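We did not get these values from a lab; they are worked out from the coordinates using the rules stated. Predicted model only: the values in this text are computed from it and were never measured. Using ideal geometry, Cβ is built from the backbone for each residue, glycine included, and neighbour counts are taken over all protein chains shown.
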């Protein structure tokens, strides 16, 4: 006997609509006693800041708002004009303004 998928789907929909059948939700199988209670944002806060005077372009590119082009520009500026005294010195790099520096304040060191 062939199964009529359209009929079964309609029947299930009607059963759900009438409240005869209840949707089943996946259960959390994580053991609460061993689960790590820190959220992803809390884990991000635990990452050590990146040293803008020693990091290579690949590492600098991971900073929010930087990317490959600005990371390369940071390394080139550092090589050409010496180390950055503080995070504000990143404004020496074309395309990096005070808003970007403020956003990176907790993520970089010098």
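Label region 50-109 by shape, choosing from rounded, prolate and oblate, from the square roots a ≥ b ≥ c of the eigenvalues of the Cα gyration tensor; if a/c is under 1.5 it is rounded, and otherwise prolate applies when a/b is larger than b/c, oblate when it is not.
Rounded shape, in that the Cα axes give a/c under 1.5.
Using alpha carbons only, how many angstrom separate the centre of region 70-89 from the centre of region 47-67?
Cα centroid to Cα centroid, the span is 11 Å.
Please sort 63-69, 73-79 by packing, taking for each peptide the average over its residues of neighbouring beta carbons within 10 angstrom, highest first.
So the order, starting with the most tightly packed, is 73-79, 63-69.
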